[in-house]
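Novice: Before I ask anything, let me first share the structure, which is written out below as structure tokens.
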Amino acid sequence: MIERQVSCTVVNGLVAAPSGLVEADIGIADGKIAALAAGGTLDAGERVIDAAGMLVLPAVVDMHVHFNDPGFPDREDFAHGTAAAAAGGVGTVVDMPLSGAPAVTSVESLELKKRAAAERAVVDYALWGGLVDDNVAELQAMRERGAIAFKAFTCFAGSDFPYARPDVLFRGLAEAEKHDLLVGVHCEDEALTSSLERAARSAGRTGVRDFLGAHAPVTELLAVDMVLEMARSTGARVHICHATLPEVIDRVSRARREARVTVETCPHYLIFSEDDLERLGGVLKCTPPVRTRETVEALWDCVRSGSVDVISSDHSPSTVAQKNPASGSFWDMWGGAQGVQTMLPALFTHGVRRRGLSVEMLVRLVSENPARLMGLYPRKGVIRIGSDADLTILDPSARWTLAPEMLLHKNKHSPYMGMEFEGRVTATLVRGAVVFDGRGITADPGSGRLLRGSF
Ligand SMILES: [Zn+2]
């Protein structure tokens, strides 16, 4: 038998292996992890990456990004979005079905999205399909063509992406259960949110606090309660997207006894408060919105206790102009914050360094668990023999401050601008190839591959 030739070794790093942090060398052959050995013991391959003093993590699997491609290249595209991902230590992205044109709600539109990503992506990718009002019968066909999971909204999500009214969601979840599809849900109660917004607008109230009032915690909780009950009664696998409240995490924890439910939150809900939104303005506007400082800290308790399954970026791009409408009204500002590039350093800084989150827990939240949920594990999300050699090398001692020119996504705005970070990504590997070398992108557009998942 001929041994596969190890072509690259990553040596002397502190490796986040399934057993915990270990000093180890990693051998890579044919894009996969071919050897894991005690530090300093592996023979060098053709190429050696010295990771002395560095953390070597499974590359992040960001299961919630909006790259707007095809459709709105002024906001983002796969070239820029995946470049920013690579620079942020993200080796796999899972792109959402809305905010591009056309929205991915049919086999046809899925094929267009696949083509756009295939031409431009520099990291691996998978695609969400949409569960909207008229496509319940098409979900399984979309799954067969590569949609890895399905996204639904309980509230307005744009005219091209009809939200799933309760009857549609119920039928959609029943269909999803039949084929074992995962459905991710954006939870805000449409009737309450829209009527609160209408009331504020008609009274001429256009400020930050008016926006927060229309998206008060009760609007999120009402929708979560409905969705969890539907998950229980249909038996479908349901993922609650971007939870902002510890009460949501508690409800999911209770529901796990009777339903197949998981929950995610995002870095911005763990870092920024309502006061920060008031200070920063539109750049941090998103829905559901950021909450009080007290809520932020309580959400960290949920994360540290293991009650949260996933942290994703919900990278939602826009132009600078869309964040600064001429009206000055908060209602008219684009909703969605950019964060695919900053997620890992933000969580390392605010979680690992400041709040005692373990590196092992961080890896579970941003790599292993999302890979499992998307049916990509153990190909992605773990450093073990046979897995794709998707590695993020992070210098834990580096301190740096975010400046616009560092951002590789299309529009150089970020709620993190000017923030000081601890921990810097010095390299990202996808299937053994360095795609980001600490300075720039070293992969060709189109080198990323479509992942279909397996359940
Ligand atoms: Zn989103």
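Novice: Exactly one of (1) in contact (Cβ under 8 Å) with a residue 40 or more places away in the chain; (2) outside any strand (DSSP E or B); (3) on the phi < 0 side of the Ramachandran plot; (4) within 15 Å of the ligand (Cβ to nearest atom) is unmet by GLU119. Its number?
Specialist: (4) is the only condition that GLU119 fails.
Novice: May I pose another question? Of the conditions (1) part of a strand (DSSP E or B); (2) crowded, with 21+ Cβ neighbours inside 10 Å, ARG424 satisfies every one except a single condition; which number is it?
Specialist: ARG424 satisfies all of (1) part of a strand (DSSP E or B); (2) crowded, with 21+ Cβ neighbours inside 10 Å except (2).
Novice: Name the pairs: first residue in the range 54-69 and more than 30 Å from SER397 (Cβ to Cβ), second residue away from the ligand (no atom under 16 Å from the Cβ) and open to solvent by less than 10 Å² (accessible area, probe 1.4 Å), Cβ to Cβ under 7 Å, at least 6 apart or on different chains?
Specialist: Between residues of the range 54-69 that are more than 30 Å from SER397 (Cβ to Cβ) and residues that are away from the ligand (no atom under 16 Å from the Cβ) and open to solvent by less than 10 Å² (accessible area, probe 1.4 Å), the close pairs are PHE67/PHE78; ASP69/PHE78; ASP69/ALA116.
Novice: Considering only residues that are in a helix (DSSP H, G or I) and buried (at least 20 other Cβ atoms within 10 Å of the Cβ), which ones fall in the range 226-250? Outline the logic, then answer.
Specialist: Let us first name the residues in the range 226-250 that are in a helix (DSSP H, G or I), namely 226-234, 246-250.
Within the range 226-250, VAL227, LEU228, MET230, ALA231, THR234, PRO246, VAL248, ILE249 meet the criteria.
Novice: Sticking with this one: If you check LEU408, LEU373, LEU347, LEU391, which single one turns out to be farther than 20 Å from ASP276 by Cα, open to solvent by less than 10 Å² (accessible area, probe 1.4 Å), in contact (Cβ under 8 Å) with a residue 24 or more places away in the chain and not β-branched (Val, Ile, Thr)?
Specialist: Working: LEU408 fails: open to solvent by less than 10 Å² (accessible area, probe 1.4 Å); LEU373 fails: open to solvent by less than 10 Å² (accessible area, probe 1.4 Å); LEU347 fails: farther than 20 Å from ASP276 by Cα.
Of LEU408, LEU373, LEU347, LEU391, the one residue that is farther than 20 Å from ASP276 by Cα, open to solvent by less than 10 Å² (accessible area, probe 1.4 Å), in contact (Cβ under 8 Å) with a residue 24 or more places away in the chain and not β-branched (Val, Ile, Thr) is LEU391.
Novice: With ASP95, ASP25 as the choices, which residue is away from the ligand (no atom under 16 Å from the Cβ), open to solvent by less than 10 Å² (accessible area, probe 1.4 Å) and of a type in the set (Asp, Glu)?
Specialist: Values: ASP95 fails: away from the ligand (no atom under 16 Å from the Cβ).
Exactly one of ASP95, ASP25 is away from the ligand (no atom under 16 Å from the Cβ), open to solvent by less than 10 Å² (accessible area, probe 1.4 Å) and of a type in the set (Asp, Glu), namely ASP25.
Residue by residue, here is whether (1) within 16 Å of the ligand (Cβ to nearest atom); (2) in a loop (DSSP other than H, G, I, E, B) holds:
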residue	(1), (2)
SER318	yes, yes
ALA321	no, no
ALA326	no, yes
GLY335	yes, yes
GLN338	yes, yes
LEU344	no, no
THR349	no, no
ARG354	no, no
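Novice: Working only within the range 99-110, note down all residues that are open to solvent by less than 40 Å² (accessible area, probe 1.4 Å), in contact with a helix residue (DSSP H, G or I) (Cβ under 8 Å, 6 or more places away or on another chain) and away from the ligand (no atom under 16 Å from the Cβ).
Specialist: SER106, VAL107, LEU110
Novice: Also: Answer yes or no: is there a residue in the range 111-127 that is crowded, with 24+ Cβ neighbours inside 10 Å and more than 26 Å from ILE441 (Cβ to Cβ).
Specialist: no
Novice: Out of the residues in the range 128-160 that are among the aromatic types (Phe, Trp, Tyr) and open to solvent by less than 10 Å² (accessible area, probe 1.4 Å), which is nearest to the ligand (Cβ to nearest atom)?
Specialist: Pass one, the range 128-160, residues among the aromatic types (Phe, Trp, Tyr): 128, 150, 153, 156.
So of that shortlist, the ones also open to solvent by less than 10 Å² (accessible area, probe 1.4 Å) come out as 128, 150.
Details: TRP128: 9, PHE150: 14 Å.
Top of the filtered list is TRP128.
Novice: Let me ask something else about it. Take the residues in the range 389-421 that are assigned to a strand (DSSP E or B) and among the aliphatic types (A, V, I, L, M), then tell me which one is nearest to PHE67 (Cα to Cα). Lay out the reasoning, then the answer.
Specialist: Kept after step one, since they are assigned to a strand (DSSP E or B), are these residues of the range 389-421: 391-401, 420-421.
Next cut, among the aliphatic types (A, V, I, L, M) only: 391, 393-394, 398.
Numbers: LEU391: 22, ILE393: 24, LEU394: 25, ALA398: 29 Å.
Within the range 389-421, the match that is nearest to PHE67 (Cα to Cα) is LEU391.
Novice: In addition: Just to verify a result, which residue in the range 8-28, among those that are closer than 14 Å to LEU391 by Cβ and touching a Lys or Arg at 6+ places or on another chain (Cβ under 8 Å), is modelled with the lowest pLDDT? Before you say what the answer is, go through the steps one by one.
Specialist: From the range 8-28, those closer than 14 Å to LEU391 by Cβ are 8-17, 24-28; that's our starting set.
Imposing the further condition that a residue be touching a Lys or Arg at 6+ places or on another chain (Cβ under 8 Å) reduces the set to 8-9, 17.
On the way: CYS8: 91, THR9: 95, ALA17: 97.
Result: CYS8.
The values are calculated or read from the model by the stated rules, or taken from the named source; none is laboratory data. Everything quoted here is computed from the prediction, not taken from an experiment. Don't worry about glycine lacking a Cβ; one is built from the backbone with ideal geometry, like all the others, and counts go over all protein chains shown. Note: areas computed on protein heavy atoms with side chains; ligands, DNA, RNA excluded. Shrake-Rupley method; radii C 1.70, N 1.55, O 1.52, S 1.80 Å.
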